[in-house]
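The values are calculated or read from the model by the stated rules, or taken from the named source; none is laboratory data. Remember, it's a predicted structure, so these values are computed and weren't measured experimentally. In this analysis, Cβ positions are derived from the backbone assuming ideal geometry, glycine residues included, and neighbour counts consider all displayed protein chains.
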Amino acid sequence: MTKGLKLFTAVAVVALVTTGAQAGAIFQQMYMGDVTFQSDLENPKDIVLPKFDTMGGTRTLLSVDVLVNHSGRVQMRADNDDPFQGAEVRARMIRQWMAMGPGMFTAGGATTPTQFVQLSADDGDGGDNNVFDATGPDGHDFGVISYGPIKEGPFNPMAGLYAIDGAGTVTFTITPVLMVNDLQFADPPGPPDAWQLEVLNPRMTVKVKVFYNYIPEPATAGLVGLAGLALIRSRRRR
């Protein structure tokens, strides 16, 4: 389910439109939600956001903008357990996903490698090669590897798919396609015969924002405009 759902309503007039002799202010509402995955074996997750309420026809939805962004992170450490061969190695994080909603589909991802580091042959790890030890010279802590947020869009689906008179929702289904946390060994010398990798806190977060651009019917727009003028005058008096 959606977490972090938020609504933002623009207070300032951002543009003017004219229909015949009528002029009205364009306003904007924004809703957003996000989902997080730890593995690509997880099932798809839904972000459920409100539809635009026309309030009995007193508001007209002009257009819809959908913006998707994603980010990823993981902590990785490595230990060389081969007593005869060193290694040149880097950590790598891969994230890929798909998102589908009313009138829109998109996919994205990122591959984030670290710099190569040199690991010596195993130093014994305190006398037990099976012990995981990420300290040098035969081990390395790559720390937190991260990227993002990266923006995809905006997308402009049909406004009619998002408007309703009353309460309603739209659903965006996010599918994790690939989440990889691995080591890449330079060739030569290639991977050692024995090594260990520790992966902590793998994450991929996908966030969806929906922007509703609308105009109220003239009487409502006039009241909003008067309220805005009154606020400006009040501030000037102060």
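When the range 44-83 is filtered for residues that are touching a strand residue (DSSP E or B) at 6+ places or on another chain (Cβ under 7 Å) and of a type in the set (Gly, Ala, Ser), the ones remaining, listed by number, are Ser63, Ser71, Gly72, Ala78. Listed by position, the strands (runs of 3 or more DSSP E) inside the range 1-85 whose residues that are out of contact with any Cys (no Cβ under 6 Å at 6 or more places or on another chain), within 30 Å of Gly124 (Cβ to Cβ) and modelled with pLDDT of 95 or more number at least 2 are 59-80.
Gln115 meets each of the listed conditions (1) closer than 25 Å to Thr205 by Cα; (2) assigned to a strand (DSSP E or B) apart from (2). Right, Glu152: of a type in the set (Asp, Glu), in contact with a Phe, Trp or Tyr (Cβ under 9 Å, 6 or more places away or on another chain), outside any loop (DSSP other than H, G, I, E, B) and touching a residue at least 24 places away in the same chain (Cβ under 8 Å) or not? Considered against the rule, which asks whether it is of a type in the set (Asp, Glu), in contact with a Phe, Trp or Tyr (Cβ under 9 Å, 6 or more places away or on another chain), outside any loop (DSSP other than H, G, I, E, B) and touching a residue at least 24 places away in the same chain (Cβ under 8 Å), Glu152 comes out as no.
Taken together, Ser120, Ser146 contain a single residue that is hydroxyl-bearing (Ser, Thr, Tyr), modelled with pLDDT of 95 or more and in contact with an Asp or Glu (Cβ under 7 Å, 6 or more places away or on another chain), which is Ser120. Listed conditions (1) within 16 Å of the chain's Cα centre (by Cα); (2) closer than 29 Å to Gly124 by Cα; (3) surrounded by fewer than 22 Cβ atoms within 10 Å (Cβ to Cβ); (4) not acidic (Asp, Glu) are all met by Gln96, apart from (2). Residues in the range 86-109 that are assigned to a strand (DSSP E or B) and farther than 26 Å from Thr171 by Cβ: Ala87, Glu88, Val89, Arg90, Ala91, Arg92, Met93, Ile94.
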